[in-house]
Each structure stands twice: as C-alpha cells, then as structure tokens.
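To start, the structure itself, in structure tokens.
Only the coordinates and a few stated rules stand behind these numbers; no lab work does. Only a predicted model underlies this, so the values are computations on that prediction, with no experimental measurement involved. Here the Cβ is made from the backbone with ideal geometry for all residues, glycine too, and neighbour counts use every protein chain on show.
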C-alpha cells in the first residue's frame, strides 16, 4: 500500500514537471493536495523603524525573527536566508511603491513580508505587508496598534492573515495544545500555545490525570483522573475554573466532545461491558452509542457530528470502526495490521489519523474516511502515539519516544517536517489540539 | 510466587513438628512429678499442687506457641492472598488454568474470612495504547470478579478498578517484565 502511494506520488511529480512553463506566470499559491512538497520561498527582511527614537530600532530584527518563525511553523514556506538579500534596508521602503521587486525575485523569493515599527511612549504601531514579488502585488496589509507586550499577538494575527490569504483557511495561530506531563511526580494536564510557548499547568490532582479533550468552543476541557479512586471523567470550565465529574460506577475513559455541541462521548463500564455513551457537558447521560460485547473505546467525531470513529475488539483484535449516528450502521475502517487504536478525525472531514502497532513499534497512519490509501507517516522512530489534528487540518501533533522519553511532536498532515514541540522535565504525552478560538 | 510456596511448605513442616515437641515436653513433666507421689501423705498433697501448676504452665506455653503458629499461618495465608497475582496473556482477559487454580485458593480464603472485602485491580503491560489498556485492565478485573462470584463469593465483597498501564509492577522493557505487569491484583480494604 505504501509502495503504491509513493509510486503514484512520483508519477504526479513527474507529470507536474512536464507541464508547459507558461503555467509559471500564473502562480498557484498553495496546492492543497500536497502543499508541503514544494514550499514557497518567502523573504522576511529585518523590519524598519518608521518613527523617531531608538525603542523601535531595538525590535526590528527580533520582531521579524518572531514573525518568520511563526510562518515557518506552518510548513508551507521556505524562509530565505537574510544573508543572501540584495536590498539595502536603509534605502528601500516597506510599501509597494518603495520596493524594487527585482531585488527579491532575483534571490528566489516569491513572497515578501515587510514590517514597519513605530514606538511612541507606551504605544506601538506596526504595519505589516505581504507581497507577491513576481506580480509586484500587495496581497494583504494590516496596521496594528498596541503596546510592546502585544508583539506576539500581532505576529499571530498577521500570520493568520497570511494563511487566510494564501489558503483560505483560518489556520491555527489562535489555538493551544493540551497535554500530559509527569514532571511534577504525577501525571497532570498542561496547556501551551500552538508552538509550545507559554506553558501553563491546569491540574494539581497529585494522582494520574490524563486524556485532555477540548470542547469545540474551546471553553471547556474534559479529562480523566484517578484522584477519587477509579478513572473518572472531569469537565473543567476554563473560564471560571469550576469542575464537575461524571458519576457512574466503573471505569470512565477517553472523553471526546461532539463538534458544535455541549456534549461528549466517553467509554463507561457501569453495565459490566465497556461501551461508548453520549453525555451532556455536565456529565448527565444522554444515550448509549455502541452495543457490542467487548471493548469499545476512544471515539472521535466527524466535523459534522454525524459519524463517530472508535476502537472495537469485536473482531478479536483492536481495530477502528465508523458508526453513522442516524442510521446506526457500523462498518470497519482498518483492515491492515492487528492493533489499530487512537483514531482522530481531521477537522477537514476527509482523513482519519490513528496509531498502528506492529513489528515492535507504534506508528501514526493516516487513512481516507472510506478506508482507502492508508499512509504510514512515522517509521523506525520509537513509538508514535495519540495523533491530534490542528484546527485547519494541516498539521498533526503526536507523542514520540524517538529521543527516549516521550515528547510532544508536530508534523504536517503528510508526515513532513517532524519536529519536537517542547521538552519539559519528565515525559509528555497525549497532545490535544484546541479549536482556533482561544484568543 | 515461588518464595511463598516454599514458605508455606516450610511452615507445613515446622508446624506439626512444633506441636509434637510441645506434647513431648508435657509427657516429661508428667513422669517427673509422678515419682514423688507415692512417698508420703503430706508430701503427696504437697506434690499434687506443683504437678498442676507445672501442668498448667506447660499447657499455657503450648497454647501460646500454637497461637503463635496459627497467627504465622494466618499471616502467610493473608500475604499469599495479597501478593500472589493472577497473570494474563497479551491483549487478553481470559483466565488460564493456573489463574483459575489461584483464584480458587483465594476464594477459599475469602470464605474462611467472611469479614474482609477486597478490591481487584486490573493492570496491563505498557505496550499498546493507554485508553485501550484502561478498558482491558477493567475487563481483567471483571473477569476475576465473575469467576469469584461463580465460586460463591458475594459480589458486594468484590470491588474492581482498572489502572491500565499506569502502575506497572516491573518497569523493564522486555517480555519478562511485561508478563509481570499483565495482572490482576487483590488488595484488602
């Protein structure tokens, strides 16, 4: 299956090369069928201080670096080295009229970002512009007003504008990740920004606390904890810090919110068999979703909330199944391998990521919702588990033991650009990407 | 597990041996005091009292030793009950013959000790994913509980809890360690 996929990919690449070069003039910004194969070369020169005083001058380089790093995180762009730039930062300007685009096309930049900073007292005004260098066109320009402390927020906002202009998606720059770390001596829940910055600790239960899950408005986080005895589901209100827990006997596992609703699914075993149930956001029972002897666990929902993928042992080994909620019809998704678990439905609706255990490793695989074209994204890199999609479906976060201790990693949806997100004392696991609504 | 069998065996040998030793001592005391009796009336009266006294002392000593042995046996049985775990094969909650034998012994212990209630913990090895392992651990605990209920132990005395792969007994990364972690563990509460 994998061999076939790469052969098909190779043929596509060769076919693309054979196309007439006339296509070059009409630049297709991002081919969303695989935008990461050919990254767009982008230049982010040092910003300019557009007002009097030295305060802005101190920021011109670091602010440009910050924005560049943020855009690079998306995986769409190849950032050009400033050492190769031809322009003279003293002479050229930041507006379309003041730019010699030939300086940029010559060094291979197809996209250019310029920035101007003005600081007067407490107030900072920033102008950011994105240009298409070949068309000599301004694609998007914004002016932001705030304080120096708003720098990261401004970088995030403009990065969102860049992605929206080029892909049509609202991206992930306003999202956070929740994850588990045991550095305190116990497994607790933490959160951080999309790029691993601003880590905050959420729980202090001094027990085993895990399986974070974001509600689709980003206002609640569900998780499980052993603090009261057997594994129990808690629902934490991020606004006021209040918590309720689900009151059913037996083990409670793997809460997952329904898209767009204040409801969640979870595996409960109070009947003696592990089944998946639908609960309200306050932990009250709505209905039962699975009905088969044996383990049913780990539900993930399609973005329209009409289908649920889950793990079931009904055929003897853990495999992933899909249930249509309206018709009740259940069909099997995974047929390769003997142990497929931890499904995660892409917010774009077309793909499901999961972890496959075999040959002594656990690896992340992505498959069509029809069950076709499974693609293994990790190989010979320790155990890779618990995939979770970015809100725009372009990136996947997962845990990996390739360095020894379990760490949080991020990669593109096609498996490229695999890199560690952060490293804290202890081991980190169970990353869960929030919706893009946290800021 | 082996250690406990040896301990039980050792006690099984020592226990009766000690009982025999005690009864021998008793006999000696008897013959000792019997001798002066036929000598004289008063000496007889005097002799009778020391005989009962020594007799009672010996009996108390025997009882004390026996109680000590019984206590030791009780502790051994209790330790075996708590420390001997039931083991499972990978990704399975099925009770193998050895597991079933062990559970029968544990059921006997619970019948003999009607006052105790227990918690059955289900555990898994670290391979596999942890939500699934939490469910599997629960199935292991439930399988053990069903078996005990079938043997006549009241369900109200048996709580179950799953720890999945969260509390391994052995942190090694090899089959030997994993086999020790795929277990159901009893604890008395």
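Any chance you could list P(r) for the stretch A:36-167, counting all Cα-Cα pairs in 5 angstrom bins from zero, rounded to whole %?
With a bin width of 5 Å, the distribution comes to 2, 11, 23, 25, 21, 13, 5, 1, 0, 0.
What does the C-alpha gyration tensor say about the overall shape of the stretch A:251-393? Classify as rounded when a/c is under 1.5, otherwise prolate if a/b is larger than b/c, or oblate.
Note, shape of the stretch A:251-393 comes out prolate.
Restricting to bridges with both residues inside the stretch A:36-167, how much of the DSSP beta-bridge set is antiparallel, in percent to the nearest 5?
Details: 19 of 26 bridges.
Beta bridges within the stretch A:36-167, antiparallel portion: roughly 75 percent.
Shielding by partners for A:263-275, please: the mean number of other protein chain Cβ atoms within 10 Å of each residue's Cβ.
Values: counts 0, 0, 0, 0, 5, 0, 8, 0, 0, 6, 4, 8, 0.
Partner Cβ neighbours, averaged per residue: 2.
Based on the alpha carbons, how large is the Rg to Rh ratio for the stretch B:86-188 when Rh follows Kirkwood?
Result: Rg/Rh = 0.98.
For residue B:169 and residue B:116, calculate 0.36 nm times their separation in residues minus their Cα-Cα distance, and state this gained length in nm to one decimal.
16.6 nm
Rounded, prolate or oblate: which one fits the stretch A:69-111, using the alpha carbon gyration tensor with axes a ≥ b ≥ c (rounded when a/c is under 1.5, else prolate when a/b beats b/c, else oblate)? The partial results should precede the final answer.
Working: a/c = 2.00, a/b = 1.79, b/c = 1.12.
Note, shape of the stretch A:69-111 comes out prolate.
Between A:329, A:151, A:176, where does the largest GNM mean-square fluctuation fall for chain A, given springs only between Cα atoms within less than 10 Å?
Result: A:329 has the largest fluctuation of those listed.
I'm a student and want to see the number: the projected area of the Cα convex hull of the stretch A:214-263, averaged over all directions, in nm². Write down the numbers at each step before the final one.
Details: hull surface 13.6 nm².
The directionally averaged projection comes out at 3.4 nm².
Within 10 Å of each Cβ in A:306-315, how many Cβ atoms from other chains are there, averaged over the peptide?
On the way: counts 0, 0, 0, 0, 0, 4, 0, 6, 0, 0.
For peptide A:306-315, the averaged partner shielding equals 1.
Let me make sure I get this right: for the stretch A:176-433, a, b and c are the square roots of the gyration tensor eigenvalues over alpha carbons, sorted descending. Under 1.5 in a/c it's rounded, otherwise prolate if a/b > b/c, else oblate. Which is it?
Values: a/c = 1.42, a/b = 1.01, b/c = 1.41.
Rounded, because the longest to shortest axis ratio a/c is under 1.5.
At what distance in nm do the modelled label points of residue A:350 and residue B:57 sit from each other, each positioned 7 Å from its Cα along Cα→Cβ?
Inter-label distance under the simple model: 9.8 nm.
With everything on Cα atoms, drop me the angle between helix A:151-167 and the longest principal axis of chain A, reported from 0 to 90° to the nearest 10.
Taking the Cα atoms of chain A, the angle to A:151-167 is about 90 degrees.
Return the ratio Rg/(2.2 N^0.38 Å) for the stretch A:136-279, where Rg is computed over Cα atoms only.
Taking the Cα Rg and dividing by 2.2 N^0.38 Å, one obtains 1.32.
Rg to Rh for chain A: what is it, with Cα atoms only and Rh by Kirkwood?
We get a ratio of 1.01 for chain A.
Take every DSSP beta bridge whose two residues both sit in the stretch B:86-188, then give the antiparallel share in percent to the nearest 5.
The answer is about 55 percent antiparallel.
Per DSSP H run of n ≥ 4, the term is -39500 (n - 2.57); total these for chain A, divide by its residue number, and report the mean residue ellipticity at 222 nm rounded to 500 deg cm²/dmol.
Values: 4 runs with 54 residues, N = 439.
It lands at -4000 deg cm²/dmol.
So between residue A:423 and residue A:105, what do we pick up on full extension, going 0.36 nm a residue minus the alpha carbon distance?
On the way: separation 318, 0.36 × 318 = 114.48 nm, distance 3.84 nm.
Gain in length upon complete extension: 110.6 nm.
Between residue B:104 and residue A:197, what FRET efficiency follows from the Cβ-Cβ distance if R0 is 56 Å, with the result rounded to 0.05?
0.45
On a C-alpha basis, how far is the centre of the stretch B:84-140 from the centre of the stretch A:425-439 in Å? Whole number, if you could?
Spelled out, the Cα-based centre of one part sits 34 Å from the other.
To the nearest 0.05, what FRET efficiency results for residue A:86 and residue A:184 with a Förster distance of 35 Å applied to their C-beta separation?
0.10
Hey, with R₀ at 25 Å, roughly what FRET efficiency would residue A:95 and residue A:152 work out to, going by the Cβ-Cβ distance, to 0.05?
0.50
What average number of partner chain Cβ atoms lie no more than 10 Å from the Cβ of the residues making up B:85-93?
1
Between residue A:164 and residue A:317, what is the label-point separation in nm under the 7 Å Cα-to-beta-carbon projection?
According to this spin-label approximation, the distance is 4.7 nm.
Please report the relative contact order for the stretch B:48-189, taking Cα pairs under 8 Å with a sequence separation of at least 6, and give it as a percent rounded to a whole number.
32
Using label points projected 7 Å from each Cα along Cα→Cβ, tell me how many nm separate residue B:177 and residue B:151, to one decimal.
If labels sit at residue B:177 and residue B:151, their model points lie 3.1 nm apart.
Could you calculate the contour length gain from residue A:204 to residue A:332, that is, 0.36 nm times the residue separation minus the distance between their Cα atoms, to one decimal place in nm?
The residue A:204-residue A:332 span can extend by a further 42.2 nm.
Cα axis of helix A:2-18 to longest principal axis of chain A: angle in degrees, 0 to 90, nearest 10?
That works out to roughly 20 degrees.
On a C-alpha basis, how far is the centre of the stretch A:227-287 from the centre of the stretch A:333-370 in Å? Whole number, if you could?
Using only Cα atoms, the two centres lie 24 Å from each other.
Of the listed peptides A:343-354, A:310-321, B:168-179, what is their order by residue-averaged count of other C-beta atoms within 10 Å, with the highest listed first?
The peptides rank, most packed first, as A:343-354, A:310-321, B:168-179.
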